């Protein structure tokens, strides 16, 4: 877990430094009042959740509403899918997990309108709707109920004109423990 966090935060630091090194270009003086973000990427399960599931994939969509010069409100959803880590056992079938996150985030823009890139930090909360498919081990089948829990997320990224890259840490407060993972996203902003 520490290795993944160090890797993610190292990537964010490199992205931030690289974005600040991009030459200045003439840009709009006034940011657009609203834009849309669509992206996809990998989701890295961590902790107890990482012990039971393999790396997953996700899609994301956000409405980016400009509130002030350096502050945006992001509203949207992420959909994550993880397959069970069966450790190579031949008698295991099913058990994949899907998570739909309905999120509201604040995005703090670190760049200026005169820059060709905009590094940013973000954080927020929302509701996570978690489902797990039936799991069959040998002749025994286990079924799971859907859960809706609160989550928090923090992260950052960089926007390059219409392109963005982003990394977040997501912690879902499930009963008895938490579900944690790190989504790494690339996408378009328009």
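The values are calculated or read from the model by the stated rules, or taken from the named source; none is laboratory data. Note that the coordinates shown come from a computational prediction; the quantities given were computed from them, not determined experimentally. All Cβ positions, even for glycine, are placed from backbone atoms using ideal geometry, and neighbour counts span all protein chains on display.
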Residue check, residue 38 against (1) more than 13 Å from the chain's Cα centre (by Cα); (2) at pLDDT 90 or above, all met but one. Which one? (1)
Any residue that is in contact with a helix residue (DSSP H, G or I) (Cβ under 6 Å, 6 or more places away or on another chain), surrounded by 13 or more Cβ atoms within 10 Å (Cβ to Cβ), within 23 Å of residue 74 (Cβ to Cβ) and touching a residue at least 60 places away in the same chain (Cβ under 8 Å) - is there at least one of those in region 90-108? no
Restricting attention to strands (runs of 3 or more DSSP E) lying wholly within region 58-131, give those where 1 or more residues are more than 20 Å from residue 43 (Cα to Cα) and modelled with pLDDT of 95 or more. 71-82, 97-109
Can residue 166 be described as over 19 Å from residue 62 (Cβ atoms) and buried (at least 18 other Cβ atoms within 10 Å of the Cβ)? no
For region 121-128, check the following and say yes or no: at least one residue is over 21 Å from the mean Cα position of the chain (by Cα), under 18 Å from residue 181 (Cα atoms) and surrounded by 16 or more Cβ atoms within 10 Å (Cβ to Cβ). no
Of all residues in region 170-185 being assigned to a strand (DSSP E or B) and in contact with a helix residue (DSSP H, G or I) (Cβ under 7 Å, 6 or more places away or on another chain), the one that is nearest to residue 119 (Cα to Cα): 182
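Checking the conditions here, which among 141, 148 is out of contact with any helix residue (DSSP H, G or I) (no Cβ under 8 Å at 6 or more places or on another chain), in a strand (DSSP E or B), at pLDDT below 95 and surrounded by fewer than 19 Cβ atoms within 10 Å (Cβ to Cβ)? Give the steps one after another, and end with the answer.
Values: 148 fails: at pLDDT below 95.
Just a single option satisfies the conditions, and that option is 141.
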Taking the options 84, 129, name whichever one is in contact (Cβ under 8 Å) with a residue 12 or more places away in the chain, more than 20 Å from residue 167 (Cβ to Cβ) and in contact with a helix residue (DSSP H, G or I) (Cβ under 8 Å, 6 or more places away or on another chain). 84
What about residue 49, is it modelled with pLDDT under 95, touching a strand residue (DSSP E or B) at 6+ places or on another chain (Cβ under 9 Å) and not in a loop (DSSP other than H, G, I, E, B)? yes
